[in-house]
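Throughout, read-outs are computed from the coordinates displayed, never taken from laboratory work. Being a predicted model, the structure only gives us computed values, none of them experimental. Every residue, glycine among them, receives a Cβ derived from its backbone with ideal geometry; neighbour counts consider all protein chains shown.
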Amino acid sequence: MPRKKLVAGNWKMNTTLAEAKALAEAVAKGVGTAPAADVVVCPPYPWLVTVAEALKGSAVGLGAQDVHNEAKGAFTGEVSSGMLKEAGCKYVVIGHSERRHVLGESDVTVHLKVHSAVEAGLTVILCVGETLVERERNLTERVFQRQVYSALAGLTDDQWHKVVIAYEPVWAIGTGKTATPEQAQQAHLFIRTKIRALHGENIAAALPILYGGSVTPDTAAGLFSQPDVDGGLVGGASLKADQFLAIVKAAG
Ligand code: PGA
């Protein structure tokens, strides 16, 4: 069965409450009831419940941008998978490069977060990707192996169906420098091939691998036409409904 494409908007630390509500409503309206691709938006934590309300009855799913690995307790400032579910989330982004490189999140932390989110029934969008220095030194594939294996080690076959990988080269995020469709395809194929070798054809063939990093309405169609690119994780362009919807259309 061909993989259904997925386009997720990562709003990062942007939008006022009013802007978030208006953006969610515009995306829900534009996506309609039977989109050809799955569509998700990931607003900041404090807007989740309002955005969930704005998306009610629509085909757009709700996601969070991060989560803590513990279920509850003395973790000031953190939010658990159970809380995200109660707020209406079905998805959670984990291991985004801004969390890894700006906020110092380790592979072990990412692993713990992935496991607790999947156990709670959330679908994880696991971000992986190399920095410019790593690419220039031909370390890209090693980075994938380290990030992918450490995050996902120990998942059951059933839990794999709750995982989406987003390949986001760090040098392409927010820089306007999109990877070429060929670079994205090469990276996605490498990841899928490694997962096939370790976990078998069923898991590898069903695994959605998104591309992220300066996806725009102009670059989306070329990227999404690649056989192993199953959609996109979109930052900047997800903050404008018309741009985001044009990217969703390119995935249809
Ligand atoms: P960008 O961000 O589209 O603004 O490059 C992508 C991301 O960080 O997920």
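Shown here for segment 159-239: trypsin sites (Lys or Arg not before Pro) in loop regions (DSSP other than H, G, I, E, B) with at most 14 other Cβ atoms within 10 Å, namely 177. Along segment 51-63 the Karplus relation, 6.51 cos²θ - 1.76 cosθ + 1.60 evaluated at θ = phi - 60°, assigns HN-Hα couplings of 5, 4, 4, 5, 8, 3, x, 9, 8, 8, x, 10, x Hz to successive residues, with x for each Gly and Pro.
Between the amide H of residue 94 and those of 125, 126, 127, distances stay under 5 Å, these residues lying 5 or more places away or on another chain, with hydrogens modeled in the peptide plane.
When you restrict to C-alpha pairs under 8 Å that are six or more residues apart and normalise by the size of segment 1-134, the relative contact order lands at 20 percent. Debye calculation, C-alpha points only, no solvent: report log10 I(q)/I(0) for segment 82-191 at q = 0.20 Å⁻¹, in the same order as the q values. Taken in order of the listed q values, log10 I(q)/I(0) reads -1.08.
Eigenvalues of the alpha-carbon gyration tensor of segment 1-131, scaled by 5 and square-rooted, set the equivalent ellipsoid semi-axes at 24, 17, 15 angstrom, largest first.
In order along segment 152-166, phi translates into HN-Hα couplings of 9, 4, x, 6, 6, 4, 4, 5, 4, 6, 9, 10, 10, 9, 10 Hz, rounded to whole numbers, per the Karplus curve 6.51 cos²θ - 1.76 cosθ + 1.60 with θ = phi - 60° and x for Gly and Pro. Over segment 24-95, the Kirkwood radius and the radius of gyration, each from Cα atoms, give a ratio Rg/Rh of 1.02.
Taking the Cα centre of segment 1-111 as the origin and placing charges on Cβ (Lys, Arg +1; Asp, Glu -1), which of 111, 58, 33 is farthest toward the positive end of the dipole? My answer, from the dipole projection, is 33. Basic side chains Lys and Arg get +1 at the Cβ, acidic Asp and Glu get -1 at the Cβ, and with that the dipole of the chain about its Cα centre reaches some 220 debye. Which listed residue (145, 22, 43) has the Cα farthest towards the positive end of the charge dipole for the chain, taking +1 on Lys and Arg C-beta and -1 on Asp and Glu C-beta about the Cα centre? It is 22. Between the amide H of residue 39 and those of 7, 61, distances stay under 5 Å, these residues lying 5 or more places away or on another chain, with hydrogens modeled in the peptide plane.
For residue 29, the lysines whose Cα falls under 27 Å of its own Cα, not counting residues fewer than eight places away in the same chain, are 4, 5, 12, 21, 56, 85, 90, 162, 240, 249. Using C-alpha pairs under 8 Å with a sequence gap of at least 6, the mean separation divided by the residue count of the chain gives a relative contact order of 21 percent. Beyond 15 Å, the tail of the calculated P(r) for segment 171-252 holds 55 percent of the Cα pairs.
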